Amino acid sequence: MGIAEGRRALVIGVANEKSLAWAIARELRAQGAEVALTYQGAMLEKRVRPLAEQVGASVIGELDVTRDDQIDAVFAKLRETWGGLDMMVHAVAFAEREDLRERFLNVSRQGFLRSLEISAYSLVALARAAEPLMQARGGGSILTLSYLGAVRAVPNYNVMGVAKAALEACVRYLALDLGPSNIRVNALSAGPARTLSSSAIRDYYTMAHEVEKRAPLRRGMETEEVGRMAAAMLSELASGVTGQTVYVDVGYSIVGF
Ligand code: 0WE
């Protein structure tokens, strides 16, 4: 029997078959959960629908996290179909492409605000919408994805690092607010992965190779490793863990030299 048997999970942030959100959705299904996916825009809908079908997940609707009407619609539909929610995965981030290659110093006000809105504030808005549905189930678990650039100055990660730092702080404050409702909130800080997000990043392969050479496990991280740790953190296996950022990075972040 799986660790997510009888649980209902909403997974936000699947773009294609390489997405970390997709690895998490697959593992949750394998562990017995019912899974609902959202998609951002008509272009990604074409990718997400066949993926959902592959594993017997459902597509609950369109969700652009900057749109309150779409957040309301998704949670209204969840209330209708499931009446409650046990798990929510937030795997959404954005920075302007230019802001990931120029000096951080030059980030525009608008680029900064947009990155923090999509990458950090969205977790707060979604957690607020999820609370009543999770309370209806006696509690729940929320997981977001972060990256080392939140706590170290990683060249070119720039405003995304600031957004991830805010995201990790949001995790702590949400954990404090939602703890009394038996809702846990955590972040999983993943190592570099070959996804749609990283495909647009200059020197990504050089960086990923350096990580493989220096990491204690002397290899790259597999997306399945993120899926398995995510399922554990979302499940009762992690019932005593909240407000934390857990690294799934083949050990890279602990190395001092
Ligand atoms: O969080 C991320 C990347 C998220 C991301 C990626 C893009 C590319 C295309 C956010 N916004 C955009 N906007 C775009 O227009 N990662 C952890 C992957 C990543 O991104 C980096 C990295 C790593 C690792 C950027 C610079 C340096 C390292």
Handout entry: Protein accessible area in the chain, 1.4 Å probe - carbon and sulfur %
Key = 51 percent
Exercise for the section: Using only the alpha-carbon atoms of the chain, report the extent along each of the three principal axes, biggest first, to the nearest angstrom. Expected result: 48, 39, 38
Problem - Residue-normalised accessible area of the range 1-132, expressed per residue, 1.4 Å probe, Å² - result: 49 Å²
Practice task
Within 10 Å, count the other beta carbons around each residue, average over each peptide in 137-145, 87-95, and list them highest first.
Solution key: 87-95, 137-145
Exercise for the section: Step through the residues of the range 117-126 one at a time and calculate ³J(HN,Hα) from phi using the Karplus curve (6.51 cos²θ - 1.76 cosθ + 1.60, θ = phi - 60°), rounding each to whole Hz and writing x for Gly and Pro. Expected result: 5, 6, 8, 10, 4, 4, 5, 5, 4, 6
Completion exercise
Surrounding charge for Gln40, neighbours by C-beta under 11 angstrom, Lys/Arg +1, Asp/Glu -1, total -1
Exercise for the section: Please report, in Å, the Rg and the Dmax of the range 63-140, where both are computed over Cα atoms only. Expected result: 15.7, 47
Fill in the blank from the handout: Most packed first (mean Cβ within 10 Å per residue), the peptides 32-42, 12-22 order as 12-22, 32-42
Practice task
Could you tell me how many degrees, from 0 to 90 and to the nearest 10, lie between the Cα long axis of helix 20-30 and the main elongation axis, the longest principal axis, of the Cα atoms of the chain?
Solution key: 40 degrees
Handout entry: Cα centroid separation - the range 35-94 against the range 196-221, whole Å
Key = 29 Å
Completion exercise
the range 134-257 accessible area per residue, 1.4 Å probe, protein heavy atoms, integer Å², reads 49 Å²
Problem - Candidate lysines for bridging to Lys164, where Cα separation is under 26 Å - those fewer than 8 sequence places away on the same chain excluded - result: Lys18, Lys213
Fill in the blank from the handout: Taking every other residue with Cβ under 12 Å from the Cβ of Leu63 and scoring Lys and Arg +1, Asp and Glu -1, one gets -4
Exercise for the section: Under 13 Å from the Cβ of Leu51, count the other residues' Cβ atoms, weight Lys and Arg +1, Asp and Glu -1, and hand me the total. Expected result: +3
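The values are calculated or read from the model by the stated rules, or taken from the named source; none is laboratory data. Predicted model only: the values in this text are computed from it and were never measured. Backbone-built Cβ (ideal geometry, glycine too); neighbour counts: all protein chains shown. Calculation scope for accessible area: heavy atoms of the full protein, side chains included, ligands and nucleic acids excluded. Shrake-Rupley method; radii C 1.70, N 1.55, O 1.52, S 1.80 Å.
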